[in-house]
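The structure appears below as structure tokens.
Since every read-out is calculated from the coordinates, none of them should be taken as a lab result. None of these values were measured; they are calculated from a predicted model. Neighbour counts are summed over all protein chains in view; Cβ atoms, including those assigned to glycine, are modelled from backbone coordinates with ideal geometry.
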2 protein chains.
Amino acid sequence: MAIRPAEQLIHKAAWLYYAHGLRQDQVASQLNISRASVAMYLRKARETGIVNISTSTQLFTDDVLARRLEDALGLDSVWIAPENAYVVDPATDIAVLAASVFLELVKKGDRIGVAWGRTVYTIADIMSYADLQDVTVVQLCGNLGAPYSYRPDQCTMEIARRLNAKGLNFYAPLVLTTEELARGLRAEPVIREQLSGIGDCDLMLFSVGTVDADSHVVKCGALTSGEMEMLRKAGAAGVIAGQIIDSAGAALDCSHNRRVISADLQSLRAIEKRLMVVQEDSKFEPLLAALAGGLCTHLVVGAQMAQRLLDHAGAAGKNAP
Amino acid sequence: MAIRPAEQLIHKAAWLYYAHGLRQDQVASQLNISRASVAMYLRKARETGIVNISTSTQLFTDDVLARRLEDALGLDSVWIAPENAYVVDPATDIAVLAASVFLELVKKGDRIGVAWGRTVYTIADIMSYADLQDVTVVQLCGNLGAPYSYRPDQCTMEIARRLNAKGLNFYAPLVLTTEELARGLRAEPVIREQLSGIGDCDLMLFSVGTVDADSHVVKCGALTSGEMEMLRKAGAAGVIAGQIIDSAGAALDCSHNRRVISADLQSLRAIEKRLMVVQEDSKFEPLLAALAGGLCTHLVVGAQMAQRLLDHAGAAGKNAP
DNA sequence: GTGTCAATTTGACTTTTGTCGAGAGCCGTG
DNA sequence: CACGGCTCTCGACAAAAGTCAAATTGACAC
């Protein structure tokens, strides 16, 4: 019988195996199929998120360093990926941790804002599947016109797919050529609606970009390296969802920001849980800017970066009083 | 080195294996231990709840029968354990499902009320481990003086142990000989505090007892079969947390209820999620009584019982208009 | 009818995992 | 300091799970 085995069989096999603790051959005889099929169904069950295998990220917050950072920075929670005994490379380790943390923070019924970039896409890519109900994933900023590897819509859709959620894409370019056009587009009902819905999110996933010639926004063509150079001289310190922020974490008053279609920082701050993930050690300054702006509540970083942050906070603390 | 490998190693092994997807031998070489040890740590990780393997109970609510029951009874959610292709026996199947559902409903930070009885204890016994933070499990009624297999405190403690939660026991007998003594005891600060804390629970797990000579409360010696006989004549229809309810689901006006140390039904109804589990088909009448009293919001039953409930609701519906 | 196609299933094989008893280090005790 | 008792660890074997190419099946078009 080559009838589509439907979710029914997958679910049943998963139930017998994982919930009742039967062995695969026992499941096979219960369902009158071969053990090989059972093995296949179980793989599908894991890939679909019908079964969920998660490991506690407790240890990574229990770290003394993490606790001290939480206090020093006034964050809800900090996770630190240890960098001594890493598995593949520090960046991947951080992404794996971030994916677990993210899945731990998602609740059914949630509305989730997702930014973009290499970090976010890496997380999406290694994230395991979940079968959450009534979850919506919304794109936080416009798209890139040119085809590029880690596009905002790709990040959004991939995460939505993994969570078995609805993905809400942004059908607008990230950056326009004139401010007037950007204003006009923002006023469009479809766009306006999406932008105003961002504040209703329960959770947000993002990273922060650098403001040098290697920056993501430069490489993807949203800005030339010359423009970036000028912006940096004007006080640019980081990039959040396509927008330039200064070292205080406020949106920089510049033409680029006025030509961008993206969630404004005010709306982002209205989101209860804002998970920021930083992989590269080179993102120290941008990270500081984002923290200064109170843009994140939950943070995942590597051990090295964590130490730098704490040293910085300690030094600043000592200078202040 | 026979130093206690602490949670540290267990956690690390679990992380590499489950989050990073390494094989056991790879984990072993990473941690410089034998693969056999890795296998052992992983088992411990599962037993501790450091890793969590859960399977969606979606299918059991998606059932048409379940949906119709939700509507007919006005419940938030109904799960039906299919009884045709059962694994061990219907009762165990129901308990396995109930345990999964229960774990799905628990959130960290929750306060959970737990009643007692064979059903509750069975669920506790097969429930997998979880590593939840800040969870408190409170006992909903007093204890039995005589040693008995499914004691209230055992149910509470076992569930607390599985969830890695704090267990709050009731240091009072379930039923006293005089009403006066019961009143006095209820007024005791320790007891009063515990009783008044019940309404603050987020979740409650309970079953309902029968009111015949085979009843749990009779077998454990809280009531003689003669007393039970009289209570039944007086309108007793079921038992909830040691208290007798009538067919409308209200506390029966009787001496026994006045001599019992237990959460009053009003407090129970203040709990947001009230999960009731019924294993035996013989509990049809008690179940109806509990439903009539609006005592549960979430229900787990077997297919046969579900069908009877729906037939009953349908018949009642037809008679009414 | 019957040929084609894609999906599903399976048996046989390989790899991975679970388990057990033996051994080794640690500690308090006599 | 020798002695069990204890826990942790490991090697080797047995059991279970993963994988793949080949076979079967039903649907559909001709």
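Hey, could you get me the Stokes-Einstein D for the protein assembly as shown, Kirkwood radius over alpha-carbon pairs, 37 °C and 0.692 mPa s, rounded to whole µm² s⁻¹? Intermediate results must be reported in sequence, preceding the final value.
Values: Rh = 27.5 Å.
Here the translational diffusion coefficient equals 119 µm²/s.
Of all beta bridges DSSP finds with both residues in the protein assembly as shown, what is the antiparallel percent, to the nearest 5?
Working: 21 of 67 bridges.
The answer is about 30 percent antiparallel.
How many angstrom lie between the C-alpha centres of the range B:200-214 and the range A:167-209?
51
Would you mind giving the mean number of other chain beta-carbons within 10 Å of the Cβ of each residue in B:129-135, as a whole number?
Taking all residues of B:129-135 together, the mean is 1.
With a ≥ b ≥ c the root eigenvalues of the C-alpha gyration tensor of the range A:61-319, is it rounded (a/c under 1.5), prolate (a/b larger than b/c) or oblate?
Numbers: a/c = 1.63, a/b = 1.17, b/c = 1.39.
Since a/c reaches 1.5 but b/c is at least a/b, the shape of the range A:61-319 is classed as oblate.
Among A:D93, A:D62, A:D110, which one shows the highest mean-square fluctuation when chain A is modelled as a Gaussian network with alpha-carbon springs under 10 Å?
Result for chain A, Cα springs under 10 Å: A:D62 fluctuates most.
State, as an integer percentage, the relative contact order of the range A:168-317 based on alpha-carbon contacts under 8 Å between residues 6 or more apart. Write out the running numbers ahead of the final one.
Numbers: 231 pairs, mean separation 41.1, N = 150.
Dividing the mean separation by the residue count of the range A:168-317 yields 27 percent.
Only Cα pairs under 8 Å and at least 6 apart count here; give the relative contact order of the range B:103-228 as a rounded whole percent. Working shown, then result.
Values: 204 pairs, mean separation 37.6, N = 126.
Relative contact order comes out at 30 percent.
Express in % the proportion of alpha carbon pairs of the range B:173-321 at distances exceeding 19 Å. List each step's numbers first, then the result.
On the way: 6061 of 11026 pairs.
Here the long-distance tail beyond 19 Å is 55 percent of all Cα pairs in the range B:173-321.
Once you keep just the Cα pairs under 8 angstrom separated by 6 or more residues, what percentage relative contact order results for chain A? Before the final figure, lay out each step's value.
Details: 591 pairs, mean separation 58.9, N = 321.
Relative CO of chain A lands at 18 percent.
Within 14 Å, Cβ to Cβ, of A:A91, how many net charges do the neighbouring residues add up to if Lys/Arg are +1 and Asp/Glu are -1? Show your work: numbers first, answer last.
On the way: positive: A:R118, A:K283; negative: A:E83, A:D89, A:D93, A:D125, A:E280, A:D281.
Taking every other residue near A:A91 into account, the sum is -4.
When a/c is below 1.5 the answer is rounded, else prolate if a/b is larger than b/c, else oblate, so apply that to the range B:164-218 with a ≥ b ≥ c taken from the square roots of the Cα gyration tensor eigenvalues. Show your work: numbers first, answer last.
Values: a/c = 2.26, a/b = 1.10, b/c = 2.05.
Oblate, because a/c is 1.5 or more while a/b does not exceed b/c.
Given springs between every Cα pair under 10 Å in a Gaussian network model of chain B, which of B:V51, B:V138, B:V175 has the largest fluctuation?
Largest GNM mean-square fluctuation: B:V51.
Which chymotrypsin sites (Phe, Trp or Tyr not before Pro) in the range A:164-238 sit in a loop by DSSP (not H, G, I, E or B) and have at most 15 other Cβ atoms within 10 Å of their own Cβ? Display every interim value, and only then the final one.
Working: sites: A:F170, A:Y171, A:F206; in loops: A:F170, A:Y171.
Taking the range A:164-238 and a limit of 15 other Cβ atoms within 10 Å, the loop chymotrypsin sites (Phe, Trp or Tyr not before Pro) found are A:Y171.
Quickly estimate the mean residue ellipticity at 222 nm for chain B, helices only: each DSSP H run with n ≥ 4 gives -39500 (n - 2.57), and the total goes over all residues, rounded to 500. If you can, show how the numbers build up before the last one.
Numbers: 16 runs with 148 residues, N = 321.
One gets -13000 deg cm²/dmol as the mean residue ellipticity at 222 nm.
Roughly how many whole Å is it from the C-alpha centroid of the range B:53-126 to that of the range A:90-156?
31
Can you pull the three principal axis extents for the Cα set of the range B:193-256, in Å, largest first?
For the range B:193-256, the Cα spread along each principal axis is 36, 24, 20 Å.
Report the paramagnetic label zone for B:R258: residues of the range B:167-204 whose backbone N is under 12 Å from a point 7 Å from Cα along the Cα-to-Cβ axis.
B:178-183
Grab the eigenvalues of the alpha-carbon gyration tensor for the range A:110-229, scale each by 5, take roots, and send me the semi-axes largest first in whole angstrom.
Numbers: eigenvalues 123, 73, 22 Å².
So the equivalent ellipsoid measures 25, 19, 11 Å along its semi-axes.
Can you tell me which lysines have their Cα less than 24 Å from the Cα of B:K219? Leave out same-chain residues fewer than eight positions away.
Partners found: B:K233, B:K283.
In what order do A:H216, B:H11 fall by count of nearby beta-carbon atoms within 10 Å, going from fewest to most?
A:H216, B:H11
Name all residues of the range A:122-161 having a backbone nitrogen under 20 Å from the label point set 7 Å from the Cα of A:E180 along its Cα→Cβ direction, giving them as ranges.
none
Scan chain A and note any complete DSSP helix (H) whose C-alpha atoms cover at least 20 Å along its axis and whose Kyte-Doolittle average is -0.5 or more. Please report the intermediate quantities before stating the final value.
Working: long enough: A:90-105 (22 Å, 1.51); A:303-319 (24 Å, -0.46).
Those that clear 20 Å and a mean of -0.5 are A:90-105, A:303-319.
Can you give the Rg and Dmax of the range A:1-59 based on its C-alpha atoms, in angstrom?
Taking only Cα atoms of the range A:1-59, I get Rg and Dmax of 12.5, 48 Å.
Taking the Cα centre of the range B:62-196 as the origin, how large is its charge dipole in debye, to the nearest 20, when only Lys and Arg (+1) and Asp and Glu (-1) carry charge on their Cβ atoms? Walk me through the numbers before you get to the answer.
On the way: 13 positive and 19 negative charges, 96 e Å.
Magnitude of the dipole: close to 460 debye.
Kindly provide the Kirkwood hydrodynamic radius of the range B:17-108 in Å, to one decimal, from all pairs of distinct alpha carbon atoms.
Details: mean 1/r = 0.0619 Å⁻¹.
Mean inverse Cα-Cα distance, inverted, gives 16.2 Å.
Using the count of nearby Cβ atoms within 10 Å as a rough guide to exposure, how do B:V190, B:V96 rank from fewest to most?
On the way: B:V190 11, B:V96 23.
By the 10 Å Cβ count, ascending, the order reads B:V190, B:V96.
Under a cut-off of 21 Å between alpha-carbon atoms, report the lysines in cross-link reach of A:K107, not counting same-chain residues fewer than 8 places apart.
A:K166, A:K273, B:K107, B:K108, B:K273
Among all the lysines, which ones have a C-alpha under 17 Å from A:K44's C-alpha, if same-chain residues fewer than 8 places away are not counted?
Partners within reach: A:K12.
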